[in-house]
Amino acid sequence: MLTRRHIFYAGAAGLGLAVFRLARPHAATAATHPYEVTHTDAEWRKLLTPAQYNVLRQEGTELPFTSPLLEEHRVGTFSCAGCDLPLFSSKTKFDSGTGWPSFWAPLPNAVDETEDRSFGMTRTAVSCHRCGGHLGHVFTDGPKPTGLRYCMNGVALKFTPSPAGSSS
């Protein structure tokens, strides 16, 4: 159900994204990390949808409350849309109310974290350990047991349900 709060957040995020695009060029690079999966810019553009390319390769952000993964409640695994590396178990997913899929912990050795000083603030950016694709940010206002909120762009993820009877 779309509420006034959702419309407000979407409008504010859209305005923020427009300002962000003018104020900071996006450039996800593998200069400081030898990634297992690499492609040229032209290859990434062919492999990804425009929305996936914007987020994964240019550090963009999807509008809040637009990802179908917000309503994904089955048992399974959320993987990188760029290279298929398993990133998050459905067991760690929770509804943060922010409009983006959120998790309280990644899978072991799945993500890298770096300082992001965009928008005049300091945040921690999260990227895929295998391909370097930008996924979102992690914040310290999440639930127990970690107290972390991995706020991910749904377009940067893909979901694979577990086979019937198993648990992820």
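Read the figures in this text as sums done on the coordinates, not as results from a lab. As the structure is a prediction and not an experimental result, all values here were calculated from the model. As a convention, Cβ positions derive from the backbone with ideal geometry for all residues, glycine included, and neighbour counts pool all protein chains shown.
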Tell me, what HN-Hα J-couplings in whole Hz come from the Karplus equation 6.51 cos²θ - 1.76 cosθ + 1.60 at θ = phi - 60° for each residue of the stretch 60-68, using x for Gly and Pro?
-> x, 9, 6, 5, x, 6, 10, 7, x
Round to a whole angstrom and tell me the spacing of the C-alpha centers of the stretch 46-67 and the stretch 92-112.
-> 17
Tabulate in residue order the Karplus-calculated ³J(HN,Hα) for the stretch 83-89, using 6.51 cos²θ - 1.76 cosθ + 1.60 with θ = phi - 60°, rounded to whole Hz; enter x for Gly and Pro.
-> 9, 6, 5, x, 10, 9, 8
Starting at the first residue of the stretch 129-146, write each ³J(HN,Hα) from the Karplus equation 6.51 cos²θ - 1.76 cosθ + 1.60 with θ = phi - 60°, in whole Hz, x for Gly and Pro.
-> 5, 7, 10, x, x, 5, 10, x, 9, 10, 10, 9, 10, x, x, 5, x, 9
What are the lysines whose alpha-carbon lies under 22 Å from the alpha-carbon of K91, with same-chain residues fewer than 8 places away excluded?
-> K144, K158
Label zone at V75, where the point sits 7 Å out along the Cα-to-Cβ direction: the stretch 144-166 residues whose backbone N lies under 11 Å | 162-166
